[in-house]
Amino acid sequence: MAKASTSAIEARRLALLQYADGVTMNRERLVNDAKHLAHEIAKSGYAPPVPRTDIPAPGENMLATLKLGVHMMRQGEFISDHDVKVANRVAYVLWRPR
């Protein structure tokens with residue numbers, strides 16, 4: 001039930017892209033542009049942030065609630081079988097004990 005954009009202009013209007021985000025107009029250049037940006041970020045001294053440990057993980061009740069929501073969405077034909085696979089995997093990732 002997510003909203004997707006069909007262009008960079010629409011993505012900005014939906015607030016999926018910020019105006020400072022780069023846009024590659026030619027699909028043939030996507031990998032090259034991404035590689036160039038990654039090199040620039042690395043050269044500028046980027047270091048990944050320290051992982052947070054203060055975020056509580058939900059218990060098995062939350063996993064059951066998420067899976068029930070996925071089931072109900074499928075029964076109502078709001079999502080596809082593939083969406084069910086993805087949503088259940090996301091639910092597991094959110095639940096899994098650390």
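The values are calculated or read from the model by the stated rules, or taken from the named source; none is laboratory data. The model shown is predicted, which means the values in this text are computed figures rather than measured ones. So basically every Cβ, Gly included, is an ideal-geometry build from the backbone, and we count neighbours across all protein chains shown. Only protein heavy atoms, including side chains, enter the accessible area calculation; ligands, DNA and RNA are left aside. Shrake-Rupley method; radii C 1.70, N 1.55, O 1.52, S 1.80 Å.
Points to keep in mind about this one:
- Of the residues in region 70-78, not one is loosely packed, with under 10 Cβ neighbours inside 10 Å, within 18 Å of the chain's Cα centre (by Cα) and without any contact (Cβ under 8 Å) to a residue 40 or more places away in the chain.
- Test: residue in region 52-63 that is in contact with a helix residue (DSSP H, G or I) (Cβ under 9 Å, 6 or more places away or on another chain), free of Cβ contacts under 8 Å to residues at least 60 places away in the same chain, among the small types (Gly, Ala, Ser) and under 30 Å from Arg96 (Cα atoms): yes
- Thr24 vs. criteria hydroxyl-bearing (Ser, Thr, Tyr), part of a helix (DSSP H, G or I), surrounded by 10 or more Cβ atoms within 10 Å (Cβ to Cβ) and free of Cβ contacts under 8 Å to residues at least 40 places away in the same chain: no
- Residue list for region 44-76, restricted to those being outside any helix (DSSP H, G or I) and of a type in the set (Asp, Glu): Asp54
- All positions within region 1-21 that are of a type in the set (D, E, K, R) and either open to solvent by 70 Å² or more (accessible area, probe 1.4 Å) or touching a residue at least 60 places away in the same chain (Cβ under 8 Å) (or both): Lys3, Arg13
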